[in-house]
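Structure record follows, encoded as structure tokens.
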Amino acid sequence: MLNIHQTQQILRLHQEGVSISAIAREVGVSRDSVREYIATPEADIQIRPQQRRRSKLDAIPEPQLSTLFEKSRGNCVVCARLLAGPKYGIKIDQSSVFRYITSHYPDLTATNKKPAVNCFESEPGEQLQIDFVWVDVLFQNSDHTVKVPVFEAVYTWSRKLFVRVCPDMTQASWLLSLTQCFLQHGLPKSVLCDNDVALVKRSKGESGKFTAAFYWLCHSLGVKIRACRPYHPQTKGRIERAGRYIKENALVEINYLGIKDHKELQARLDSWILSVADHRRVPALNGMTVADAFKKEQSLLLQITPERQKKQMIQCGLISVSDAAFIELFGERLHVNYHLRNRKLFAYVRPDGHGVLCNVNGSKAEEFCIPEASMLAHRFEDRKPEPIQQDLPAPTPQSLEHSNDDPSLDPYFDALSKILEF
């Protein structure tokens, strides 16, 4: 029998509107006993101990479950997906996983969640938000995680996500990744970025002005540019939330299963977008999935036709200026300003022969134009005095490869694609 204090506690909690299950957990008796005491408080009731509800997860040894939950940091969505994999083969709902974690591993449940902030809304096809996120990747045969920069882009209305693993955050990585996103998904009306030094000038009196290469890329494609404060959810909340989503969902599963190199990381992220991120339902769009929403938005984006993608793609590269202030591109010997001699500049060229030379800080050094006949007859650097780029075909989502020999030159071995006659 229960003592008078336990009986009064049951009646008091019942009068306060507490559920039967909550009362049973609070007092430490079964739910049937709680119901009997509420119905007849004076009866001599046989008390039965609280029974533990069985779960599918009971079949897994406790050390394995503990390791799984610790590596996933209590993320029930990732846990449910890993449990349904070939290693365990247990199909279980994420809410059931959450209840199991709450009762058995309360320390892993999320605490002190920040309140949600309403983000800036835009029309379909109106805006693309871009940013970089640093992710901690645990490669196989390694005891420590490695920070890897990942370019991320989100189409604001549909929440469609694009990612590209990069060797660094140089201006070339920004532009090559943005161009790859344009080729793969289409051109929006505007691009929103923060005040990164590779995109926005920070010199005194030039705040708000964009770097020459970034403006040259977007202006030739008819895409407007807009900059805003970093970490500002009211303006660029889509891309800020996407970075956290990649860390808490994709990277948790990738680190648990293990990967070999950067190439496999890119492939796994692309697969995760198609199988997981695109199947999210967006409450603001009446429960429509991201994939269905992007199908509607993609009809409003300017698409790059397959014929244009088959054209020769011109690369960006690191160009050396001679002592006489000359550079050699596509068999042409071009003269530049004398103050640029004996320097190395970044060259960005589009298929019509127009290009721009930029300093390391992103400021414009000089524009140039190469005859189209020379571009068709020669490669990017005819003599190749130093190991720089080669002409590459149109990039595809599966063709992203990075060299590990010299990370500082890696981004310049990718294709900078600019489409002719936009």
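Key figures for this structure:
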{"item": "Failed criterion for Cys181 (all others in (1) in a helix (DSSP H, G or I); (2) touching a Leu at 6+ places or on another chain (Cβ under 9 Å); (3) in contact (Cβ under 8 Å) with a residue 60 or more places away in the chain hold)", "result": "(3)"}
{"item": "Those residues of segment 136-158 which are surrounded by 23 or more Cβ atoms within 10 Å (Cβ to Cβ) and more than 17 Å from Thr179 (Cβ to Cβ), in sequence order", "result": "Thr156, Trp157, Ser158"}
{"item": "Residue among Asp323, Asp352 that is assigned to a loop (DSSP other than H, G, I, E, B), out of contact with any Pro (no Cβ under 7 Å at 6 or more places or on another chain), of a type in the set (D, E, K, R) and modelled with pLDDT of 85 or more", "result": "Asp323"}
{"item": "Filter result (among the small types (Gly, Ala, Ser) and in contact with a Gly (Cβ under 9 Å, 6 or more places away or on another chain)) within segment 178-199", "result": "Gly186, Ala198"}
{"item": "So Leu199, is it farther than 23 Å from Arg281 by Cβ and either of a type in the set (S, T, N, Q) or modelled with pLDDT under 90 (or both)", "result": "yes"}
{"item": "Exclusive hit being over 13 Å from Ile130 (Cα atoms) and in contact with a strand residue (DSSP E or B) (Cβ under 7 Å, 6 or more places away or on another chain), set Val197, Val165", "result": "Val165"}
{"item": "Residue match in segment 380-394 (condition: modelled with pLDDT of 70 or more, open to solvent by 50 Å² or more (accessible area, probe 1.4 Å) and out of contact with any Phe, Trp or Tyr (no Cβ under 8 Å at 6 or more places or on another chain))", "result": "no"}
{"item": "Hey, Arg281 free of Cβ contacts under 8 Å to residues at least 40 places away in the same chain, under 23 Å from Leu83 (Cβ atoms) and open to solvent by 30 Å² or more (accessible area, probe 1.4 Å) or not", "result": "yes"}
{"item": "Residue that is nearest to Glu248 (Cα to Cα) [pool: residues in segment 84-116 that are at pLDDT below 70, surrounded by 10 or more Cβ atoms within 10 Å (Cβ to Cβ) and among the hydrophobic types (A, V, I, L, M, F, W, C)]", "result": "Ala110"}
{"item": "Tabulated pairs, segment 29-54, first closer than 19 Å to His5 by Cβ, second at pLDDT 65 or above and among the aromatic types (Phe, Trp, Tyr), C-beta under 7 angstrom, 6+ apart or interchain", "result": "Ile45/Tyr37"}
{"item": "Selection status of Ala59, hydrophobic (A, V, I, L, M, F, W, C), at pLDDT below 80 and exposed (fewer than 13 other Cβ atoms within 10 Å of the Cβ)", "result": "no"}
{"item": "Cβ pairs under 9 Å, 6+ apart, first in segment 71-96 and closer than 17 Å to Val276 by Cα and in contact (Cβ under 8 Å) with a residue 40 or more places away in the chain, second part of a loop (DSSP other than H, G, I, E, B) and open to solvent by less than 60 Å² (accessible area, probe 1.4 Å)", "result": "Val77/Val276; Arg81/Val276; Leu82/Tyr88"}
{"item": "Residues of segment 336-349 satisfying the condition of being within 25 Å of Ser220 (Cβ to Cβ) and part of a helix (DSSP H, G or I)", "result": "Leu340"}
{"item": "Identity of the residue in segment 257-278, of a type in the set (D, E, K, R) and not in a loop (DSSP other than H, G, I, E, B), that ends up most open to solvent (accessible area, probe 1.4 Å)", "result": "Lys263"}
{"item": "Boolean, Gly243 is of a type in the set (Gly, Ala, Ser) and surrounded by 14 or more Cβ atoms within 10 Å (Cβ to Cβ)", "result": "yes"}
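The values are calculated or read from the model by the stated rules, or taken from the named source; none is laboratory data. Quick caveat, the model's predicted, so the values are computed rather than measured. With ideal geometry, Cβ positions are generated from the backbone for all residues, glycine too; neighbour counts draw on all protein chains shown. These accessible areas exclude ligands, DNA and RNA; they are computed on the full protein's heavy atoms, side chains included. Shrake-Rupley method; radii C 1.70, N 1.55, O 1.52, S 1.80 Å.
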